[in-house]
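S.K.: I'd like to ask you about the structure that follows.
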Amino acid sequence: MKTKLFRTLDNFEIVVGMDDVSNDILSLQTAHPRDLWFHVNAVPGSHVILKCGESGLLPGKENILLAASAAAWFSKMRNAGKVPVHYCYAENVSKPKGAKAGTVNIKKSSKIIVWPDITKLRETENKE
């Protein structure tokens, strides 16, 4: 699985899928049901997971903004200015029957508008 791994300043982990197959694995198999899932609205891009489900810790607005900004950065909207990003719990992400890799349905999502940016994140070594 091809992913990039980042940490926020208060040590939450953000995982970014780097291709369609990795997006599927990350979103549908790797993510804890209570992790937060992010994707740019209606545009191709990476699926992003903010790891918080296993710990049960609430990530706070700043960490949600950072994960959403990473989703915007790793999308076709990187140079577009402010970008709408949908997010929800990973348990609300599903795959339509017969859909190609990287295609998902989401329910019970929220939307946040962010600038594409990863400068406030620390990239860490992937353990794979």
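Every read-out reported here was derived from the displayed coordinates using simple, explicitly stated rules and does not represent laboratory data. Here the structure is a predicted model, which means the values were calculated and not measured. Backbone-built Cβ (ideal geometry, glycine too); neighbour counts: all protein chains shown.
S.K.: For Val83, what is the net charge nearby, where nearby means another residue's Cβ is under 12 Å from its Cβ and Lys, Arg count +1, Asp, Glu -1?
M.R.: Details: positive: Lys76, Arg78, Lys82, Lys111; negative: Asp117.
Counting the neighbours of Val83, the net charge comes to +3.
S.K.: Using θ = phi - 60° and the Karplus relation 6.51 cos²θ - 1.76 cosθ + 1.60, list the HN-Hα couplings for the range 43-58 in order, rounded to whole Hz, with x at every Gly or Pro.
M.R.: In residue order, the calculated couplings are 9, x, x, 6, 7, 10, 10, 9, 6, 8, x, 5, 6, x, 6, 7 Hz.
S.K.: In the Gaussian network model of the chain, springs joining C-alpha atoms below 10 Å, which of Phe12, Phe38, Phe74 carries the largest mean-square fluctuation?
M.R.: The residue with the greatest mean-square fluctuation here is Phe12.
S.K.: Now for a different question. Relative to 2.2 N^0.38 Å, what does the C-alpha radius of gyration of the chain come to as a ratio? Two decimals please.
M.R.: On the way: Rg = 13.1 Å, N = 128, 2.2 N^0.38 = 13.9 Å.
Normalised Cα radius of gyration, the chain: 0.94.
S.K.: Give, rounded to the nearest 20 debye, the magnitude of the charge dipole that the chain has about its Cα centre when Lys and Arg contribute +1 at Cβ and Asp and Glu contribute -1 at Cβ.
M.R.: Values: 18 positive and 13 negative charges, 87 e Å.
Dipole size: approximately 420 debye.
S.K.: Determine the relative contact order of the range 3-123: mean sequence separation of Cα pairs under 8 Å and six or more apart, normalised by residue count, in whole percent.
M.R.: 30
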